[in-house]
Amino acid sequence: MGVRDLAYGVYERRLGRALADTPKPRHVGVILYGNRRWARAAGAQHVSHGHQAGADHIADLLEWCDEVGVEVVTLWLLSSDNLTRSPDEIVPLLAIIEDTVRDLSEHSKPWRVHPVGALDLLPDSTVRVLKEAEEATRDKPGLVVNVAVGYGGRREIADAVRSLLHEHAEKGASLEEVATLLDVEHIAEHLYTRGQPDPDLVIRTSGEQRLGGFLLWQIANSEFYFCDALWPDFRRIDFLRALRSYAQRHRRFGS
């Protein structure tokens, strides 16, 4: 271990102690970007090397969240837009995601896995793994892990409205009656994350300051933290810095 590593270790412990009595987010959303760039920088022959490195890092993040008392984590693993990428990339990536979800749902892990996304866009094998993980972890006591695969914020809102209309149609309500009743809470009850608190903090890695359609409905009052590190290089100290930034903010909730 070099001098720089020792210095970072001291700084990390000091930062952790300083955050002990500060406000913590209940729900953290994480946009896990930068895997492909990481692979290219590492000289890998295929971008799947970066996707695998990113997947191997997810359990670390969840353990950090456990340490500080986060209740819900949403991980954006694959957007619906990215499903149009070449099979040469998507097929290995979906296999990595399936392996990751199986790992997160192992008996030894305390987390509750909840699929978030348009499952009808995904291959049957991926859907089966996601549903089996959700069922296997339903009664576990740990934090809820929303696994966003085939996810798009606009698609989620459209699906929520469609679900709401179907629900009222089954009750015999007319379109005019639904329009009269429709409000924000009715739509929220049909989102993929229904019943969960909205994200308090959204972290995006890879240095880009945009959200790309992540939880568009739910993040109306969220705080954002943009980190330059590519996802596989995201460290515990980066996570603690995000928590420090969150704790220093005066949340206005849209006012």
### Complete set of residues in the stretch 221-255 that are in contact with a strand residue (DSSP E or B) (Cβ under 9 Å, 6 or more places away or on another chain), without any contact (Cβ under 8 Å) to a residue 60 or more places away in the chain and open to solvent by 40 Å² or more (accessible area, probe 1.4 Å)
224, 225, 226, 249, 251
### Message
Under 8 Å between Cβ atoms, which residue pairs at least 6 apart in sequence (or on different chains) link something in the stretch 60-84 that is of a type in the set (Phe, Trp, Tyr) with a partner that is surrounded by fewer than 19 Cβ atoms within 10 Å (Cβ to Cβ)?
### Response
64/236
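With respect to residue 50, is the statement that it is in contact (Cβ under 8 Å) with a residue 40 or more places away in the chain and touching a Ser or Thr at 6+ places or on another chain (Cβ under 6 Å) true? Quick ask: steps written out before the conclusion?
Values: in contact (Cβ under 8 Å) with a residue 40 or more places away in the chain: yes; touching a Ser or Thr at 6+ places or on another chain (Cβ under 6 Å): no.
The answer is no for residue 50.
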### Query
Is it fair to say residue 206 is of a type in the set (Gly, Ala, Ser) and under 25 Å from residue 15 (Cα atoms)?
yes
### Task
Give just the number: which of (1) open to solvent by 20 Å² or more (accessible area, probe 1.4 Å); (2) in contact (Cβ under 8 Å) with a residue 12 or more places away in the chain; (3) in a loop (DSSP other than H, G, I, E, B) does residue 106 not satisfy?
(2)
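Tell me which helices (runs of 4 or more DSSP H) are completely within the stretch 118-197 and hold 1 or more residues being open to solvent by less than 40 Å² (accessible area, probe 1.4 Å), polar (S, T, N, Q) and modelled with pLDDT of 95 or more, or say none if there are none. Don't jump to the end; show me each part of the working.
Working: elements: 124-137, 153-170, 175-181, 184-188.
Passing ranges, in order: 124-137.
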### Message
Can you find a residue that is crowded, with 18+ Cβ neighbours inside 10 Å and charged (D, E, K, R) anywhere in the stretch 202-220?
### Response
yes
### Query
Which of the following residues is touching a Gly at 6+ places or on another chain (Cβ under 9 Å), basic (Lys, Arg) and touching a residue at least 24 places away in the same chain (Cβ under 8 Å): 154, 138?
154
### Query
Which is at pLDDT 95 or above, within 24 Å of the chain's Cα centre (by Cα), surrounded by fewer than 22 Cβ atoms within 10 Å (Cβ to Cβ) and more than 16 Å from residue 236 (Cα to Cα), of 49, 57?
49
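The values are calculated or read from the model by the stated rules, or taken from the named source; none is laboratory data. This structure is a prediction, so every number in the text was calculated from the model and none was measured. Positions of Cβ are backbone-derived with ideal geometry, glycine not excepted, and every protein chain shown enters the neighbour counts. These area figures cover heavy atoms from the full protein model, side chains too; ligands, DNA and RNA do not enter into them. Shrake-Rupley method; radii C 1.70, N 1.55, O 1.52, S 1.80 Å.
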